[in-house]
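These notes concern the structure reproduced below.
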Amino acid sequence: MVNAAAGATERVWAALSHVADPEIPVVNVVEMGIVRDVRFEGEDRVVVDMTPTFSACPALHVIRDAIADAVRAEGLIPEVRTVMSPPWTTDWITEEARGKLERYGIAPPAPTGEAGMGLIQLTADVPRCPRCGSFDTGIRNTFGSTLCKTIHVCHACSEPFEAFKSL
Amino acid sequence: MTDTALTSSTLDAAQRDALIARLTALADDELILSHRDAEWVGHAPILEEDIALANIAQDELGHAGVWLSLRGDLDGSDPDTLAFRRDAGEYRSARLVELPRGDWAFTLVRQFLFDAYEAVLIDETCASTYAPLAEAARKIVREERFHLQHTALWVERLGLGTDESNRRSQAALDELWPHTPQLFAPVPGEESLVAAGIVPDLAGVQARWTPLVTAHLARSGLRVPATPSAPPAPRTEHTEHLAELLREMQEVARQEDPGTVW
């Protein structure tokens, strides 16, 4: 249905691009690839499809509420649906957001390269230190402060840092 | 998805009942193991591992929530009510996940055996003809990879570490291994699900799991015990430990009236 005023959908997308990721507030839910679709159903009802990053991410409820609030602030009636398919991948994070993550101190995720993905994979990709740019880094923990991150240390500048998991 | 994919309205009654039983078994294993892992929070040997095990516990809990939501689509049940208001007799968890957390080696060897099982099972479930199950599996399989990577490393580290860490890991494996066949035992009516391509054949899952884990255990300096020849107990027969675990896990929720929202 395309009876909404021209540009109305774009306006909702723009509003959603101001919804920050609650755990990494320098990036928003659009550039993280969390918002999958925006469509009008009637004059003022908007359906937003969002997809969970990690299925146990505790920030999902916060994100869902924040998306609904942003749509309401445009004078529209939101319906936020959670879609599982296709599954979220870090490949959907935009180039701009990757730059923001790195400047924030989180090494952005490497391309997933699904083809070579084994069930037991002991060597993870080496991330670049977001502080000094060195690849001479070592993993400290495959789990970090949130489900989506790992903890590393840079051997060049001795700084510990977090990296986004490639998913 | 292909246009032949099944939905909740196109399952027949027998498939629906069997799928409810299978989803409950999947969820209960993850929920109970999640609780056992969470018992380490604040007690793990080093801070990084405290964080790692908390992450793994959180993932498994999230996955239990996904399976119970899929069950809810079929019978209208509520995931929180199922988790907090069922007694041990109504649970369908496997004995492997019910055993007390033991020492660090016991916890990590168990987690490795279970992660490998879950990774193979979920990998094969991605091809399910029941669309909601296939979609959930494709999501979860990507997360499980991180668990297996972590626990496989720990098994290697403990197995090849010191005499003491090897001894404890071997003792853990000797106790845990006889419980593993139960993971691959079908739930009532499961053959109808396999025939319709809704769930993978567990015998096939076991055929992939066995060489995967035995090769890694052997690489890690551990001896794989003999598999018991007797058929595994049904998922209705629990260890004595489940009731005690549930008493603690459900204690707060049960002090409130059903339906209380916090």
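The values are calculated or read from the model by the stated rules, or taken from the named source; none is laboratory data. Keep in mind that this is a model prediction, so the values were computed, not measured. With ideal geometry, Cβ positions are generated from the backbone for all residues, glycine too; neighbour counts draw on all protein chains shown. These accessible areas exclude ligands, DNA and RNA; they are computed on the full protein's heavy atoms, side chains included. Shrake-Rupley method; radii C 1.70, N 1.55, O 1.52, S 1.80 Å.
Details
One line per residue, one yes/no per condition, for (1) aliphatic (A, V, I, L, M); (2) crowded, with 19+ Cβ neighbours inside 10 Å:
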{"site": "A:Ala15", "(1), (2)": "yes, yes"}
{"site": "A:Gly33", "(1), (2)": "no, no"}
{"site": "A:Arg39", "(1), (2)": "no, no"}
{"site": "A:Pro58", "(1), (2)": "no, no"}
{"site": "A:Asp65", "(1), (2)": "no, no"}
{"site": "A:Val83", "(1), (2)": "yes, no"}
{"site": "A:Thr94", "(1), (2)": "no, no"}
{"site": "A:Arg98", "(1), (2)": "no, no"}
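- In this structure, B:Ala52 does not qualify as of a type in the set (A, V, I, L, M, F, W, C) and within 30 Å of B:Val194 (Cα to Cα).
Here is a yes/no grid of residues against (1) without any contact (Cβ under 8 Å) to a residue 60 or more places away in the chain; (2) closer than 17 Å to B:Leu217 by Cβ; (3) within 14 Å of another protein chain (Cβ to nearest Cβ):
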| position | (1), (2), (3) |
| --- | --- |
| B:Phe106 | no, yes, no |
| B:Thr129 | no, no, no |
| B:Leu133 | no, no, yes |
| B:Arg142 | yes, no, yes |
| B:Arg145 | yes, no, yes |
| B:Thr162 | yes, no, no |
| B:Asn166 | yes, yes, no |
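- Cβ-Cβ contacts under 7 Å between residues 6 or more apart (or on different chains), taken from a first residue in segment B:189-208 that is more than 12 Å from B:Ala127 (Cα to Cα) to a second residue that is open to solvent by less than 30 Å² (accessible area, probe 1.4 Å) and not in a helix (DSSP H, G or I), are listed as B:Glu190/B:Val199; B:Leu193/B:Val199.
- Cβ separations smaller than 9 Å between residues 6+ apart or across chains give the following pairs from segment A:1-30 residues that are closer than 17 Å to A:Asp49 by Cβ to residues that are modelled with pLDDT of 90 or more and of a type in the set (Lys, Arg): A:Met1/A:Arg39; A:Ala4/A:Arg39; A:Thr9/A:Arg39.
- Residue, most open to solvent (accessible area, probe 1.4 Å), within segment B:155-185, restricted to residues that are in contact with a helix residue (DSSP H, G or I) (Cβ under 7 Å, 6 or more places away or on another chain) and closer than 12 Å to B:Leu113 by Cα: B:His179
- Taken together, the criteria exclude B:Ala152 from residues that are under 26 Å from B:Ala52 (Cα atoms), assigned to a helix (DSSP H, G or I) and away from chain A (no Cβ under 12 Å).
- Residue in segment B:35-55 that is under 14 Å from the mean Cα position of the chain (by Cα), within 23 Å of B:Arg95 (Cβ to Cβ), open to solvent by 20 Å² or more (accessible area, probe 1.4 Å) and within 12 Å of chain A (Cβ to nearest Cβ) present: no
- Applying a threshold of 7 Å to beta carbon distances and a minimum spacing of six or more residues, or different chains, the list of pairs starting in segment A:60-81 at a residue that is more than 13 Å from A:His18 (Cβ to Cβ) and ending at one that is charged (D, E, K, R) reads A:Leu76/A:Asp44; A:Ile77/A:Asp44; A:Ile77/A:Arg45; A:Pro78/A:Arg72; A:Glu79/A:Arg45; A:Val80/A:Arg64; A:Arg81/A:Asp49.
- Scanning segment A:133-151 for residues that are part of a strand (DSSP E or B) and within 14 Å of chain B (Cβ to nearest Cβ) yields A:Gly138, A:Ile139, A:Arg140, A:Asn141, A:Lys149, A:Thr150, A:Ile151.
- Of the residues making up segment B:48-106, those that are among the charged types (D, E, K, R) and either part of a loop (DSSP other than H, G, I, E, B) or touching a strand residue (DSSP E or B) at 6+ places or on another chain (Cβ under 7 Å) (or both) number 7.
- Against the numbered list (1) free of Cβ contacts under 8 Å to residues at least 40 places away in the same chain; (2) open to solvent by 50 Å² or more (accessible area, probe 1.4 Å), B:Thr214 comes up short only at (2).
- The residues of segment A:103-132 that are among the acidic types (Asp, Glu) and either modelled with pLDDT of 85 or more or in a loop (DSSP other than H, G, I, E, B) (or both) amount to a single one, A:Asp125.
- Residue within segment B:71-78 that is within 14 Å of another protein chain (Cβ to nearest Cβ), more than 26 Å from B:Gln255 (Cβ to Cβ), in contact with a helix residue (DSSP H, G or I) (Cβ under 9 Å, 6 or more places away or on another chain) and open to solvent by less than 20 Å² (accessible area, probe 1.4 Å) present: no
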